[in-house]
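Enquirer: What follows is a single structure, and I will ask about it in a moment.
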Amino acid sequence: MKNYLSFLIVLLMVGCSSTPSIKEMTTRMGSTDSIEIIDLRSVMRNGLLTAQATIKNDSSSNLVSYRFKWLGKNGISIFDDEAWKPITITKGQSANIIGIAPSPDAIDFRIELNQYK
Amino acid sequence: MKLNHQKTSTYIFSVLAALSLAACSGPQVRYGDAKGVETISVDYGSTDLQSIAEAMARSLLQSKVISGSKDAPTVTVADVKNKTSEYIDTRVITDKIRTQLLKSGQVRFAVNINEMQSQVDELKRQNQSGLYKNSTVSKTGNMQGAKYRIEGSISSIIKQNKNIKDVFYIFNLNLINNESGLIEWADEKEIRKTATR
């Protein structure tokens with residue numbers, strides 16, 4: 001009985017601490033559905049959170065811009081919004097986009113994709 | 001027939017009235033997104049300024065020189081040379097980099113050559129005017145020298161034919177140790193812009 005209870009508690013803990021999915025970490029604006037985020041990862045490098053997103057373009061349109069949103073404790077934004085950065089990516093190509101947090105206070109991030117004209 | 005003629009004249013009158021109103025009204029003003037991508041021309045623009053400053057500031061913050069030092073190191077901004085054929089206010093780039101670095105709390109900045117005169121004027125005013133209480137006066141001889149200086153350059157390669165104009169910018173920034181003269185960190189940012197007819 002005791003073992004069964006401990007197993008349940010562990011299961012609950014795992015359930016609560018699960019990391020958000022790529023979809024949950026991405027905000028899309030405009031028609032960016034053809035841009036797929038294949039991989040999203042982060043690492044602490046020299047005291048600053050560094051994020052890497054691998055994106056792939058499935059359409060011939062390549063007018064895509066991106067930016068990272070850096071979050072501190074309790075999900076509060078660190079600094080102002082970043083500038084949108086245009087990226088040129090041809091059909092079928094995949095590319096790594098890397099973002100470095102503006103301050104050591106950043107502990108989490110989100111990625112935003114947008115179309116530009 | 002008469003009714004039709006009347007209808008046509010009313011229509012023409014309305015169109016003319018609308019046209020004259022449109023001609024009289026001024027331009028439509030809207031606030032835009034200051035962080036948005038600007039693609040009006042291939043010339044150096046706000047998106048270039050923002051991406052250069054952001055990339056350089058973040059890269060410098062992550063360097064071992066800054067992240068590895070116990071206290072926030074003192075830095076000053078030297079010259080960023082504009083080697084392009086365009087007019088580019090390089091001071092805006094370095095100011096933007098400086099603001100981002102200061103906001104991070106990891107770096108302290110000493111006044112640069114351009115700001116030195118106002119610093120000297122303020123010290124003179126406090127120390128030589130005889131107007132201030134002695135205990136509140138900022139003393140001379142206590143200014144801090146910067147351990148490092150930031151300097152760099154921006155260059156461009158422009159190629160064009162009848163239909164295409166291609167501009168390639170390269171921004172280079174170095175962090176130099178003032179005492180040893182060693183370049184402790186360097187990074188570059190490349191930007192390519194193409195305009196087609």
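Enquirer: Within region A:84-101, take every residue that is modelled with pLDDT of 95 or more and not in a strand (DSSP E or B) and give me the one that is farthest from the other protein chains (Cβ to nearest Cβ).
Expert: The selected residue is A:A101.
Enquirer: Within region A:83-105, how many residues are charged (D, E, K, R) and under 17 Å from A:T32 (Cβ atoms)?
Expert: Number of matching residues: 2.
Enquirer: Could you grab the pairs with beta carbons closer than 6 Å, sequence gap of 6+ or different chains, first residue in region A:68-90 and among the acidic types (D, E), second one at pLDDT 90 or above and not in a strand (DSSP E or B)?
Expert: Pairs that qualify, where the first residue is among the acidic types (D, E) and the partner is at pLDDT 90 or above and not in a strand (DSSP E or B), are A:D81/B:K35.
Enquirer: Further, regarding this structure: Filter region A:102-117 down to the residues that are at the interface with chain B (Cβ under 10 Å from one of its Cβ atoms) and closer than 22 Å to A:G30 by Cα, then identify the one that is farthest from the chain's Cα centre (by Cα).
Expert: My answer is A:K117.
Enquirer: Continuing with this model, one more query. Which of the helices (runs of 4 or more DSSP H) found entirely inside region B:61-177 contain at least 1 residues meeting this: more than 14 Å from chain A (Cβ to nearest Cβ)? Walk me through it before giving the result.
Expert: Numbers: elements: B:64-67, B:90-104, B:113-128.
Of the helices (runs of 4 or more DSSP H) lying wholly inside region B:61-177, those with at least 1 residues that are more than 14 Å from chain A (Cβ to nearest Cβ) span B:90-104, B:113-128.
Enquirer: Scan region B:178-197 for residues that are exposed (fewer than 13 other Cβ atoms within 10 Å of the Cβ) and outside any strand (DSSP E or B) and jot them down.
Expert: B:E179, B:S180, B:G181, B:L182, B:R197
Enquirer: Quickly run through region B:140-165 and pick out the residues that are within 27 Å of B:D79 (Cα to Cα) and surrounded by fewer than 17 Cβ atoms within 10 Å (Cβ to Cβ).
Expert: Residues satisfying the conditions are B:T140, B:G141, B:N142, B:M143, B:Q144, B:G145, B:S155, B:I157, B:I158.
Enquirer: So, in region A:46-79, of the ones that are within 8 Å of chain B (Cβ to nearest Cβ) and under 26 Å from B:S69 (Cα atoms), which residue ends up modelled with the lowest pLDDT?
Expert: Looking at residues that are within 8 Å of chain B (Cβ to nearest Cβ) and under 26 Å from B:S69 (Cα atoms), I get A:F79.
Enquirer: Quickly run through region B:39-60 and pick out the residues that are more than 9 Å from chain A (Cβ to nearest Cβ) and either touching a Ser or Thr at 6+ places or on another chain (Cβ under 8 Å) or assigned to a loop (DSSP other than H, G, I, E, B) (or both).
Expert: Those that are more than 9 Å from chain A (Cβ to nearest Cβ) and either touching a Ser or Thr at 6+ places or on another chain (Cβ under 8 Å) or assigned to a loop (DSSP other than H, G, I, E, B) (or both): B:I40, B:S41, B:V42, B:D43, B:Y44, B:G45.
Enquirer: Looking at this structure, is A:E112 touching a strand residue (DSSP E or B) at 6+ places or on another chain (Cβ under 9 Å), assigned to a strand (DSSP E or B) and among the acidic types (D, E)?
Expert: yes
The values are calculated or read from the model by the stated rules, or taken from the named source; none is laboratory data. The model shown is predicted, which means the values in this text are computed figures rather than measured ones. When we count neighbours, we look across all protein chains shown, and the Cβ atoms used for this are built from the backbone with ideal geometry, even at glycine.
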